[in-house]
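Nothing in this text is a laboratory measurement; each read-out follows from the coordinates by a stated rule. Computed from a prediction, not measured in an experiment: that's the story for all the values here. Methodologically, a virtual Cβ is constructed for each residue, glycine included, from the backbone with ideal geometry; neighbour enumeration extends over all protein chains shown.
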Amino acid sequence: MVKDPRMIGRGLRAGLALGLVSALLIACGAARSGGARNPNLITTDELRALNVSNAYEAVERLRPMFLRTRGVQSATAEAQLPVVYIDGIRQGGPEVMRTLPLTDVQEIRYISAADATTRYGTNHTGGAIEIRIRS
């Protein structure tokens, strides 16, 4: 049985249209619900909702994995903590964030070891924590 090519074309167009509508509905629903949370970013909205006094406590509460050591390659090597940068300037280890009032912070982002090494140079086996200050 040979099908009419016009009917196949109509069916294909209808299927594509249905798929496009479905994708748009899913995207609109994600946008309305705020979408998926970025595990490497703490936003201004998340910071406002907290009842803590400094950046360290915010990270500890919202993304404790930022504070975990990483980078152990062998039994003799030491694990590394992330290096903290405030507005692009190296500050030290995570403890520095205890001195930064949460009211001054706009966002906090974790950068992987590979990306931190590309951006800031060597000695970032624990990654980096970038903090942007409110202007």
Restrict the check to segment 110-117 and report whether at least one residue is among the acidic types (Asp, Glu) and within 23 Å of Arg61 (Cβ to Cβ). no
Near pairs, Cβ below 6 angstrom, 6+ apart or cross-chain, from segment 53-65 (closer than 16 Å to Asn38 by Cβ) to any residue that is of a type outside the set (Val, Ile, Thr) and surrounded by fewer than 15 Cβ atoms within 10 Å (Cβ to Cβ): Ala58/Leu50
